[in-house]
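First the structure, in the form of structure tokens, and then the observations on it.
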Amino acid sequence: MAEEVERVRIVVLCDDRVGVYRIPVLAEHGLCLYLEVEWSGNTCALIFDTGKTGKVLLENARSLGVDLSRADLVVLSHNHYDHTGGLAEIAKELAPSFSVIAHPEILSRSLHMDPSLRYVGVPVECRRILEERLIPLSKHAEISPGIIFLGEIPRRHGEERVEGFYKVEGGRVVEYGLEDDTGLAIRVRRGGVLVITGCSHSGVVNIVEHALEVSGSEKLLGVVGGFHLMGASRERILWTAEKLRELRPSMIAPLHCTGIEAEAALLSAMPDSYVFLGAGSELVIEEGAIRTS
């Protein structure tokens, strides 16, 4: 069983919206979180996803006083450009020996029909860095004490099926289930498991259930990240809100691709748990207590 950590600090460096107004920060379609996780006097600093361009991420890091050189791990949730596109630009700011952890499919040539076939995968300038630095993990693994990379997510719920994505395989265009879409689980002392998601293409409920299973935790502390419910049917949105409500999380903090209708449903279903975050927001969890700014 993974170790329990004492403190988690999350700074939203990139999101589709701005979450604070006291500091000049920028928004961009995409997601990037800076995490500091502390246990037994030690600290792991990592970057979760890298936004679309890296420019917003770097500008916001400077404005917020985040030292990216502390991060020696980059975790990528999946291969789409709005989560991987900043890697080339921020690489020179990270610890010199940094590694990238992602599912092996991160290098798949991902396509989307919108309305015609177009490439939506890792930008060319970022692929070289990935090929040099990648630690490809298809199964869940503890990547630092208390932090679990979730690996491939079991697709248990048909409501969360993936549609409309393709990849190139053997010179042919084939359907692509985004098997690389994943997240993190962090075991927090006196809190339970904190789940970090990128886009939740594999289904936020699927991800949370998998995180509880592999972490050995019976308590869901919270979920932070994209829920991929923008444009989803009303039925799916309400189903998702109810399934998450049944798990009684202390915190639900939707970002990026969740969508305003889904956010309204989550707020209605869990008014005491809902936390508004955006670019510039900071979240600190210590011994199970949650503080935002």
Cα-Cα over 24 Å, subset of Lys52/Lys92; Lys55/Lys139; Lys52/Lys167; Lys139/Lys167:
Lys55/Lys139
5 Å is the cut-off here: which amide hydrogens, built 1.01 Å from N in the peptide plane, fall below it relative to Val74, excluding neighbours closer than 5 in sequence?
Ile47, Ser99, Val100, Ile101
Counting other C-beta atoms within 10 Å, and keeping those with at most 16, which DSSP coil GluC sites (Glu not before Pro) do you find in segment 259-293?
Glu287
From the helices alone, meaning DSSP H stretches of at least four residues, give me the mean residue ellipticity at 222 nm for the chain, per-run term -39500 (n - 2.57), in deg cm²/dmol to the nearest 500.
-6000 deg cm²/dmol
Under the Karplus relation with 6.51, -1.76 and 1.60 and θ = phi - 60°, whole-Hz ³J(HN,Hα) for segment 182-187, x at Gly and Pro, equal 8, x, 10, 10, 10, 7
Rounded if a/c under 1.5, otherwise prolate or oblate - segment 23-140, Cα gyration tensor axes:
oblate
To the nearest 20 debye, the chain has a Cα-centred charge dipole, built from +1 on Lys and Arg Cβ and -1 on Asp and Glu Cβ, of 220
Restricting attention to the chain, give the cysteines that have no other cysteine Cβ less than 4.7 angstrom from their Cβ.
Cys44, Cys126, Cys199, Cys257
Scaled by the rule-of-thumb 2.2 N^0.38 Å, the alpha carbon Rg for segment 7-292 gives a ratio of 0.92
Nearest 20 debye, what's the magnitude of the dipole of segment 70-144 about its Cα centre given +1 on Lys and Arg Cβ and -1 on Asp and Glu Cβ?
120
Around Phe165, which amide H atoms from residues at least 5 apart in sequence, or from another chain, sit under 5 Å from its own amide H, with H modelled in the peptide plane?
Tyr176
By DSSP, what percent of the beta bridges with both residues in the chain are antiparallel, rounded to the nearest 5?
65
With the contact rule set at Cα under 8 Å and sequence spacing of 6 or more, what percent relative contact order holds for the chain?
20
Which ³J(HN,Hα) values in Hz, rounded to whole numbers, follow from the phi angles of segment 139-147 under the Karplus curve 6.51 cos²θ - 1.76 cosθ + 1.60, where θ = phi - 60° and Gly and Pro get x?
10, 5, 7, 7, 9, 6, x, x, 10
Could you work out the local net charge near Glu6, counting Lys and Arg as +1, Asp and Glu as -1, over the other residues with Cβ closer than 12 Å to its Cβ?
-1
Decide, for segment 95-203, between rounded, prolate and oblate: order the square roots of the alpha carbon gyration tensor eigenvalues as a ≥ b ≥ c, take rounded if a/c falls under 1.5, and otherwise choose prolate if a/b is larger than b/c, else oblate.
oblate
In segment 101-143, the trypsin sites (Lys or Arg not before Pro) that sit in a DSSP loop and have at most 16 other Cβ atoms within 10 Å of their own Cβ are Arg109, Lys139
Quick check for me: using +1 on Lys/Arg Cβ and -1 on Asp/Glu Cβ, what's the dipole size of segment 194-293 about its Cα centre, in debye to the nearest 20?
160
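None of the figures in this text is laboratory data; all of them are computed from the coordinates on show. Fair warning: this is a prediction, and the values are worked out from it, not measured in the lab. All Cβ positions, glycine included, derive from the backbone under ideal geometry; neighbour counts span all protein chains shown.
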